[in-house]
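Notes for the one structure printed next.
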Amino acid sequence: MKYTQEHEWLRVEGDLVVVGITAYAAEQLGDVVFVELPEIETQVAQGDEVVVIESVKAASDILAPVEGEIVEVNAKLSDTPGLVNEDPLGDGWMFKMKVDDLAALDEFMDEDEYNDMIA
Amino acid sequence: MADLKRLGLHDLHLALGGKMVPFAGYDMPVQYPLGVLKEHLHTRTAAGLFDVSHMGQVIVAPKDGRIETAALALERLIPVDVLGLAPGRQRYGFFTDAAGGILDDLMVTNRGDHLYVVVNAACKEADLAHMQAGLPDCDVGMVGGRALLALQGPEAAAVLSRLIPDTGDFAFMDHGIRPWQGVDLWISRSGYTGEDGYEISVPDLAARAFAERLLADPAVQPIGLGARDSLRLEAGLCLYGHDIDTTTSPVEGALTWAMQKARRTGGARAGGFPGADRILRELAEGAARSRVGLRPEGRAPMREGTLLYAAPEGGDPVGRITSGGFGPSLDAPIAMGYLPSPLCVRGTTVYGDVRGKRLPATVTALPFRPATYKR
């Protein structure tokens, strides 16, 4: 698992990268009431806003961590956005990307580095 | 943030795990460990305790000792029937300016020989100066050394009655002074959530003990500003500086209910408040725009500032959302905003621009959720 400065986690599944937000981020956001997911087969550049997460009080963007194509989204979040709070690292995942070069993930933090950042 | 003022109960908020944020110049709890959603729902099903000590508590005492003097004086600044307010009764109102805009909203109570006025934190210094300048026949002073707590929700009356037995007999907007452990509590049956409940002014020296006594009741949870905002939005209540301000008249703000007959054209004391020309005209003829409730379709909230359009494509914006978010009790997004009067018809569909997409929203009656006041 890799972590970004923006509190996303990235997990490699075969040639895909699964993206979600960390437990720390979910707690900071508070109760998530709406998740706007990207359309599949969308090409995104690193830093593109791909997901909008709305808590009771505010909206936050989730950025594409690397360049690639959105190939799957977690449709469950449309009806049960609270999964982001209940299980941020599991059922609360956001989208899967097809990434040309998985080596692009090397730049991100490992778990220890991320934990140091939020400490 | 060195300038942030601290509430008298600051240490209690920290002890309760409150997440503190700046609000109106104060370091205030936005939520506690329960979180905004559960705090909101808890207030709707049991009871929530809010610290609103940042608000201004003001005493208006007539120099001649006659309450009528204070009532008539305050009527020079607000389009509300204060003279007709009975002792021990409270009423909603607002200061207007010469252009008919709203300077602040308030609660005014007749306490027999003086008036007790509660105003918003962000406006309280300006309100005090405004009253001191406008009410030369009264002594106007900010109350110091008292916290203000709100206990709200269906269990509020049972909880408070266990400490002060006769408060269960108060009706909505009744006010009374009751002793508790050697101090005087100023108690109103009112609030800002749409729930039955109380607002209680308590001397600082007893505030922590009183708050902890209430929190010791299993029905009571501490509630932060986050849930306070979602609760008042569901109740269709205005937040000053957002839903109403100097650019909105009381008629545009859909606050005509707060302007009693005595102050309207043909009434015993018609006019005589700042902006009366415009406000009386709008009361008679209606305003060009009005504050309405909006229910966005789907689950995407429409936040404050969202531009509203009459059609799904083309045209200029016709209005703007002034408060918007998610209503936990409705499990749906809700909003309030201003629209031209022809569109202010229940069931009308308008379109809010959410991140570049126009999404439909339906004009809806306020409040979104019926109030449960004890009339």
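Listing for the model above:
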read-out: Segment B:Thr246-B:Glu313, length gained on full extension (0.36 nm per residue, minus Cα span); value: 21.0 nm
read-out: Summed residue charge, Cβ within 14 Å of B:Phe210's Cβ, Lys/Arg positive, Asp/Glu negative; value: -1
read-out: Residue among B:Arg295, B:Arg355, B:Arg264 with the largest mean-square fluctuation in a Gaussian network model of chain B, springs linking Cα atoms under 10 Å; value: B:Arg355
read-out: Residue (of B:Gln221, B:Leu4, B:Gly145) at the positive-pole extreme of chain B, dipole from beta-carbon charges; value: B:Gln221
read-out: Simple Cβ-charge dipole of the stretch B:148-236, Lys/Arg +1 and Asp/Glu -1, about Cα centre, in debye nearest 20; value: 160
read-out: Options B:Pro274, B:Gly347, B:Tyr240, ranked by Cα towards positive dipole end of the protein assembly as shown, top entry (Cβ charges); value: B:Pro274
read-out: Alpha-carbon centroid distance for the pair the stretch B:54-111 / the stretch A:1-68, whole angstrom; value: 51
read-out: Paramagnetic reach from B:Lys261 (point 7 Å along Cα→Cβ, amide N under 14 Å) across the stretch B:70-107; value: B:81, B:84
read-out: Peptide-level mean, for A:27-33, of C-beta atoms on other protein chains within 10 Å; value: 5
read-out: CD proxy at 222 nm, helix term only [per DSSP H run n ≥ 4: -39500 (n - 2.57); per residue of the protein assembly as shown; nearest 500]; value: -5500 deg cm²/dmol
read-out: Lys, Arg +1 and Asp, Glu -1 on Cβ, resulting dipole of chain A about Cα centre, debye, nearest 20; value: 320
read-out: Radius ratio Rg over Rh of the stretch A:5-69, counting only Cα atoms, Kirkwood formula for Rh; value: 0.97
read-out: Projected label distance in nm at B:Asp331 and B:Glu285, using a 7 Å step from Cα toward the beta-carbon; value: 4.8
read-out: Point-charge dipole on Cβ atoms (K/R +1, D/E -1) for chain B, about Cα centre, debye to 20; value: 680
read-out: For A:55-65, mean number of other protein chain Cβ atoms within 10 Å; value: 4
read-out: Point-to-point label distance, B:Ala209-B:Arg66, nm (Cα→Cβ direction, 7 Å offset); value: 4.2
read-out: Calculated over the stretch A:52-106: convex hull of Cα atoms, volume per residue (Å³); value: 93
read-out: Cβ crowding within 10 Å averaged over residues, with B:149-162, B:82-95 ranked highest first; value: B:149-162, B:82-95
read-out: Too-long pairs where the Cα-Cα distance tops 25 Å, listed order kept, from A:Lys57/A:Lys96; B:Lys5/B:Lys38; B:Lys5/B:Lys374; A:Lys2/B:Lys38; B:Lys63/B:Lys374; B:Lys63/B:Lys124; value: A:Lys57/A:Lys96; B:Lys5/B:Lys38; B:Lys5/B:Lys374; A:Lys2/B:Lys38; B:Lys63/B:Lys374
read-out: Point-to-point label distance, B:Arg355-A:Ala119, nm (Cα→Cβ direction, 7 Å offset); value: 3.4
read-out: Partner chain coverage, peptide B:328-336 - average Cβ within 10 angstrom; value: 1
read-out: Gap separating the Cα centres of the stretch B:115-173 and the stretch B:177-209, nearest whole Å; value: 9
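FYI, it's all coordinate maths here, none of it is from the lab. All of these numbers come straight from a predicted model, not from anything done at the bench. When we count neighbours, we look across all protein chains shown, and the Cβ atoms used for this are built from the backbone with ideal geometry, even at glycine.
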